[in-house]
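What follows is a short report on a single structure.
The values are calculated or read from the model by the stated rules, or taken from the named source; none is laboratory data. Treat the numbers as computed from the prediction; the structure is a model and nothing was measured. Note that each Cβ is placed from the backbone with ideal geometry, even for glycine, and that neighbours are counted across all protein chains shown.
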Amino acid sequence: MPRRFLNTLPVLNANDWFDSNLNSDLRQQLNVNVGQRVSKRKIVELARQHPDRIHTWADEQESRPDLKGYDFDADRQGLINWDRAGREFAAANPVTTISQVTDQNELRALLQSVLELFKRFVEQQAGWRLLWNDDGSEKPEEALQLAFLGVAQNYLRLFNVELDREVELGRGPVDFKLSQGSRIRILIEFKKTTSGKFWNGLEQQLTSYMTSDGCTEGWFVAVRYREGRQHDSKVTELQRRTAEVARDLGATVKHFYVDARRPASASRI
């Protein structure tokens, strides 16, 4: 497939159509400004009433510069380079702390080792580059998940441990599920400290996934991207709030912290 035909989705979407200059009168009728939230159901209803505007807008989109294909070199979504970088790191940094996985304790020990290696990859081996764009903007959370997948899968295969990403558990998809058979398993949820739903990831999402899956162990991985008191506070509170969740749930809940802040250049240290 020629690269110029490949792009991230959605390329065309309901909100962009509604926010376009074609629909200022419709927004006035609804008494909303550009960028204000309007339900997709309502936007689709309006679009069906004005099909001519859809065709006009779609024709205008053909001149958009971002429709020339995904920039594979910049990889702003973090979709391309994660596999090679993770594979090379894993090959140079083997797991030495555990030799087999036959029960829950050994799976937990393996995960601890893999997370510590991932932390080293991000913080000390320039793995943070997979999480940031050159202009200083953060790549989406999917890039973080893929960066971890690129490192972890190379270790876990050696121990016959499955690592599944975005497993649907009835109340939404958990980021990762580690398992060996049906009895030994751990759920993992990643969250950026920049996320407005950071604590919800620990106290609501992870716990609901564990309940849905009947899983007795979950890990919450906090990844820091920015400076600031709010991020300091989240890191400081991790241990206490994780312990409270474990107590209330009556299960094993662990936390892990990764510092993904861009390091200062040598000239500025």
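Quick notes
- Given (1) part of a loop (DSSP other than H, G, I, E, B); (2) among the polar types (S, T, N, Q); (3) out of contact with any Phe, Trp or Tyr (no Cβ under 9 Å at 6 or more places or on another chain); (4) modelled with pLDDT of 85 or more, index of the condition Q36 fails: (4)
- Leading residue by the ranking (farthest from E189 (Cα to Cα)) among those in segment 90-129 that are among the β-branched types (V, I, T) and surrounded by 20 or more Cβ atoms within 10 Å (Cβ to Cβ): V101
- Within this structure, L79 passes the test of being surrounded by 13 or more Cβ atoms within 10 Å (Cβ to Cβ), under 29 Å from D134 (Cβ atoms) and of a type in the set (A, V, I, L, M).
Matching residues to (1) under 19 Å from the mean Cα position of the chain (by Cα); (2) part of a helix (DSSP H, G or I):
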| site | (1), (2) |
| --- | --- |
| L149 | yes, yes |
| F176 | yes, no |
| S179 | no, no |
| G196 | yes, no |
| W199 | yes, yes |
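- Residue within segment 20-31 that is touching a helix residue (DSSP H, G or I) at 6+ places or on another chain (Cβ under 9 Å) and among the hydroxyl-bearing types (S, T, Y) present: yes
- Test result for V235, touching a residue at least 12 places away in the same chain (Cβ under 8 Å), surrounded by fewer than 16 Cβ atoms within 10 Å (Cβ to Cβ) and among the hydrophobic types (A, V, I, L, M, F, W, C): yes
- Candidates R27, R53, R87 - the one that is surrounded by 12 or more Cβ atoms within 10 Å (Cβ to Cβ), outside any loop (DSSP other than H, G, I, E, B) and in the same structural domain as S137 (by TED's automatic domain parsing): R87
- Subset tally (residues that are farther than 21 Å from R108 by Cβ and crowded, with 18+ Cβ neighbours inside 10 Å) for segment 204-232: 3
- Residue match in segment 130-152 (condition: closer than 21 Å to I184 by Cβ, assigned by TED's automatic domain parsing to the domain that holds I184 and surrounded by fewer than 21 Cβ atoms within 10 Å (Cβ to Cβ)): yes
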